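Student: Below is a structure I'd like to ask you about.
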Amino acid sequence: MNINEIITAYKEAKEAEKEAKKQADTMKQLIMNYANGKTFFETDSYNVVIDTRKTTTIDTKTLYKDFPDFKDVYGKVTTYEVITAKEKQQEKKTA
């Protein structure tokens, strides 16, 4: 595989991932609609438990605005790579 094929495969995989997430979200909503507020139901093939969970996060933007020194003491920097690959426009050849 050459690098162009790898980049194309990467972009296709990322797009498929996005579509799969969208499909999973749709299926989740259908299941929730079927449950109609119940936290447990059974089908021929599945026992389904719907569990409500909460997550607490900290609004760091507001926290650091109100307490700027906290950023130096408690701030955590995460480094990661982002790949952006845009196809080049092919030049039109004139005869």
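Student: Using just the helices of the chain, give the 222 nm mean residue ellipticity in deg cm²/dmol: DSSP H runs with n ≥ 4 each add -39,500 (n - 2.57), and the total is spread over all residues, rounded to 500.
Tutor: On the way: 3 runs with 46 residues, N = 95.
Value at 222 nm, helices only: -16000 deg cm²/dmol.
Student: A follow-up question, please. Under a 10 Å cutoff between Cα atoms, tell me which one of I31, I50, I58 has the largest fluctuation in the Gaussian network model of the chain.
Tutor: Greatest mean-square fluctuation among the candidates belongs to I58.
Student: Continuing with the same structure: Once the mean 1/r over all distinct Cα pairs of the chain is inverted, what Kirkwood radius in angstroms do you read off?
Tutor: The Cα-based Kirkwood calculation yields 19.6 Å.
Student: Scan the chain and report its longest stretch carrying no GluC sites (Glu not before Pro) that are both in a DSSP loop and have at most 11 other Cβ atoms within 10 Å.
Tutor: 1-80
Student: Kindly provide the chymotrypsin sites (Phe, Trp or Tyr not before Pro) of segment 1-89 that DSSP labels as loop, not H, G, I, E or B, and whose Cβ sees at most 11 other Cβ atoms within 10 Å. Walk me through the numbers on the way to the answer.
Tutor: Working: sites: Y10, Y34, F40, F41, Y46, Y64, F70, Y74, Y80; in loops: Y46, Y80.
Listed in order of number, the matching sites are Y46, Y80.
Student: At R0 = 35 Å, how high is the FRET efficiency between I31 and T57 if r is their beta carbon distance? Nearest 0.05 is fine.
Tutor: 0.85
Student: How large is ³J(HN,Hα) for each residue in segment 78-84, as worked out from phi by the Karplus curve 6.51 cos²θ - 1.76 cosθ + 1.60 (θ = phi - 60°), to whole Hz, x for Gly and Pro?
Tutor: 10, 10, 8, 9, 10, 9, 10
Student: Now for a different question. Would you order L30, L63 from fewest to most other beta-carbon atoms within 10 Å of each residue's own beta-carbon?
Tutor: On the way: L30 10, L63 14.
Fewest-to-most ranking of L30, L63: L30, L63.
Student: Rounded to whole Hz and in sequence order, give me ³J(HN,Hα) for segment 43-55 from the Karplus expression 6.51 cos²θ - 1.76 cosθ + 1.60, θ = phi - 60°, writing x for Gly and Pro.
Tutor: Each residue's phi maps through the Karplus curve to give 10, 4, 10, 9, 9, 10, 10, 10, 10, 8, 10, 10, 10 Hz.
Student: Can you compute the modelled spin-label distance between A13 and F70, with each label point 7 Å from Cα toward Cβ, in nm?
Tutor: Taking the simple label geometry, A13 and F70 are separated by 3.8 nm.
Student: Can you list which of the trypsin sites (Lys or Arg not before Pro) found in segment 9-41 are DSSP loop residues with at most 12 other C-beta atoms within 10 Å? Write down the numbers at each step before the final one.
Tutor: Working: sites: K11, K14, K18, K21, K22, K28, K38; in loops: K38.
Hits after loop and neighbour filter: K38.
Read-outs: derived from the displayed coordinates by stated rules, not from any lab. Computed from a prediction, not measured in an experiment: that's the story for all the values here. Positions of Cβ are backbone-derived with ideal geometry, glycine not excepted, and every protein chain shown enters the neighbour counts.
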